[in-house]
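Nothing in this text is a laboratory measurement; each read-out follows from the coordinates by a stated rule. Quantities reported herein were computed from a predicted structural model and do not represent experimental measurements. Cβ: placed from backbone, ideal geometry, glycine included. Neighbour counts: every protein chain shown.
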Amino acid sequence: ALTEQYSENHASVNITEGAILLNKHKPWIESSYHGVITENTDVVLLDPPLVALDKDAPVPYAGKKARNERFIGEICGFHVPGLSAPFEAVVLNRTSGEGRLRARGPIDCERQREFTFIIQARDCGTGPEGHGEKRSHKSVCNCTNCRDSPVFGQLEYQGSVTEGKVYDSILQVQASDQDCSPQYSQICNYQITSQDTAFAIDRNGNIRNTESLSFDKESHYKIHVTAFDCGQKRAAQDAVVHIHVKPICKPGWQGWSKLIDYEPGTGSKLLFPKMHLETCVGLHESCERDW
């Protein structure tokens, strides 16, 4: 076998068993990436994913491919130059060019929330020793770390409804997220986690009742609500919402009945001890007039 190397402006040539193998092209990767470091792990979620492509079709050098044997057109590595960025990139699949970016150690979120650095891909060159490898252009990667969970502005909310009415909105809950990434710092959804409730919540946090409520049946409802950011990360703690049902005030005689029970010989008895005329004047704030 004979291997000859030319200047960097020419293709690398490897002559093996009469075959001429050319490493003509540089690997290709995206020009920029945005990454987010997930909590409690060293994995960086990249958008778009880290994949390097090479126009040189993978060709084996001799016979059956041995372990760690290099092919022209395969991706043998990624490079993060410099020591300022605490990251490294590894190849997951040489043929597909799929890679993964990960932190070399724990990232201190309080000291630095954002990193900008360079990533390059390199192919496997020619021959078993990988002579004449080529590198891709330099791609810029911007990474933000410490994906925070959404947090509610308050952990308890109070609202009230008048019995018999259905509201478009009773009250609004609000959560926020401190992530630096525009994608993950927005709240995309709210959800009621309590089962079998007469309430619903929209993506803006507005809570409404889905049916009319009765004060006599239930005067107080307690429901739990959670929030999700646009990366579907759930709030660390649910908010508790209290809904109070106000009875309707109906003017007229109250506290009497068409039928009473009286046992002979028991003496005098007040017919309607709680009877009174309700005018709904000076109405207590827990009630509402029905006129």
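How big is region 116-275 by the Kirkwood estimate over distinct Cα pairs, in Å?
21.4
Sort 114-124, 218-228, 243-253 for me by packing, meaning the mean count of neighbouring Cβ atoms within 10 Å per residue, highest on top.
114-124, 218-228, 243-253
Go through Lys165/Lys233; Lys222/Lys250; Lys246/Lys274; Lys217/Lys274; Lys217/Lys269; Lys246/Lys269 and tell me which ones have a Cα-Cα distance over 29 Å in this structure.
Too far apart for the 29 Å limit: Lys165/Lys233; Lys217/Lys269; Lys246/Lys269.
What percentage of all Cα-Cα pairs in region 151-246 are separated by more than 16 Å?
Every Cα pair in region 151-246 considered, those over 16 Å come to 53 percent.
I'd like the Karplus ³J(HN,Hα) series for region 73-90: coefficients 6.51, -1.76, 1.60, θ = phi - 60°, whole numbers in Hz, and an x wherever there's a Gly or Pro.
x, 8, 9, 9, x, 10, 10, 10, x, x, 10, 6, 9, x, 10, 9, 10, 10
Which whole-number percent is the relative contact order of region 151-246 (Cα, under 8 Å, 6+ apart)?
Taking the mean separation of contacting Cα pairs over the length of region 151-246, I get 39 percent.
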